[in-house]
Amino acid sequence: MTIVMNEEPRRKVVEAAGARLGGGNFGIIAGPCTVEGREMILETARVVADGGATMLRGGAYKPRTSPHSFQGLGVEGLRLLQEAKEQTGLPVVTELLDVRDAGHVAEVADVVQIGARNMQSYALLTEAGRTGIPVLLKRGLSATLEELLMAAEYVLKEGNPNVILCERGIRTFETAYRFTLDLLAVPALKSMTNLPVIVDPSHAAGRRDWVEPMSLAAAAAGADGVIVEVHPDPDSALCDGKQSLALDRFAGYSERVRQVAQLAGGAVPAAL
C-alpha cells in the first residue's frame, strides 16, 4: 500500500483552510449532527469557535436508519454552513452521501466526510478523491483496520493525498453502549500508516456524559483529534441529541481535552 509507514516515515499533516491536523497538530472538530436552521448553526459555530474548536462539523445530508427520519436540509444546509464559515473562519467538515451531490458539497466543504456506512462505497470514495478536497474517512461498523486502509486507497489513488482516518466505534457483542470504541485502533493505525487518525467518541458512546471521558482517553492514546457533536438544545435535536454536548459545556470540555492532548505530545492551536 502507498500509505504504510515504512514507505513514508514522516507523519502526514492535512491542511484545510488554515487548520492543520496530524504531525503533532491536534484538532477539535465540533458542531451539530445535522444543520437544522440558520440561527441554530450560526450560534453553534460562534460558540465552538470561541471555545477552541479548529473545525466546524455539520451535516447537510444525513444517512438515517429509518427513511422517515430527518434527512437534512440538503443544498440549503450547505448554504448555511458556508455562512457559518464566513462568520467564524472555521473550516467546514460535512458529509457526502451521493456522487450526484459531490459538486454541491465540494463548493462548501473544506473537508469531505465519508461516513461509516459508506466506508466501502467505492464509487463514492473515488468521487471524493477526485474533488481534491481533504477526506475524513470513518471506519465501518464491522470493518477491520486493513479494510479501512484499503478504503482510503480509493481516495489516494485519485491523486488526493489528504485523508484523515476516524475510529468511531465498531459493532461487537456488547449491548451496554451504542458501539465499542476501539482506542487500540489509534496506535495500531499509526504503526500501519502515516495518515492522521482521529476519534469520534459521540457515536460510540451514544450518550453525552460518556463523550468527555472517551475524548480524554482518545487524546491520551495519541489521536490527532476528535470529532464531537454539540447542539444549543440537545434534548430537542432532530438527530443524535442524546450524544450531543450542550453549548455551555463545550469550552470547559475543549480545554480539558486540549490539556491531555498537549501532555500526549499534540500541539493544539489557540482558539480563533
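The values are calculated or read from the model by the stated rules, or taken from the named source; none is laboratory data. Just so it is clear, the structure is predicted and the values come from calculations on it, not from any experiment. Positions of Cβ are generated from backbone atoms using ideal geometry, with glycine treated the same way; all protein chains shown enter the neighbour counts.
Give the residue, chosen from ALA217, ALA261, ALA176, ALA221, that is surrounded by 18 or more Cβ atoms within 10 Å (Cβ to Cβ), farther than 24 Å from ALA45 by Cα and among the small types (Gly, Ala, Ser). Before the answer, list the steps.
Working: ALA217 fails: surrounded by 18 or more Cβ atoms within 10 Å (Cβ to Cβ); ALA261 fails: farther than 24 Å from ALA45 by Cα; ALA176 fails: surrounded by 18 or more Cβ atoms within 10 Å (Cβ to Cβ).
Answer to the check: ALA221.
Give the number of residues within the stretch 79-116 that are more than 18 Å from GLU127 (Cα to Cα) and in contact with an Asp or Glu (Cβ under 7 Å, 6 or more places away or on another chain). Step through it out loud before you land on a result.
Keep residues of the stretch 79-116 that are more than 18 Å from GLU127 (Cα to Cα), which gives 79-92.
Among the residues that remain, those that are also in contact with an Asp or Glu (Cβ under 7 Å, 6 or more places away or on another chain) are: 91-92.
Counting residues in the stretch 79-116 that are more than 18 Å from GLU127 (Cα to Cα) and in contact with an Asp or Glu (Cβ under 7 Å, 6 or more places away or on another chain) gives 2.
Does ALA84 satisfy the criteria of being modelled with pLDDT of 95 or more, under 13 Å from the mean Cα position of the chain (by Cα) and either farther than 21 Å from ILE227 by Cα or surrounded by 19 or more Cβ atoms within 10 Å (Cβ to Cβ) (or both)? When the stated conditions are applied, ALA84 does not pass them. If you go through the stretch 235-257 and keep only what is at pLDDT 95 or above and in contact with a Gly (Cβ under 6 Å, 6 or more places away or on another chain), you end up with PHE250, ALA251, SER254.
A single entry from ALA223, ALA176 fulfils the requirement of being touching a strand residue (DSSP E or B) at 6+ places or on another chain (Cβ under 9 Å) and outside any strand (DSSP E or B): ALA223.
The single residue among PRO187, PRO161 that is assigned to a helix (DSSP H, G or I) and surrounded by fewer than 23 Cβ atoms within 10 Å (Cβ to Cβ) turns out to be PRO187. Of all the numbered requirements in (1) modelled with pLDDT of 95 or more; (2) crowded, with 20+ Cβ neighbours inside 10 Å, LEU73 misses one, and that requirement is (1).
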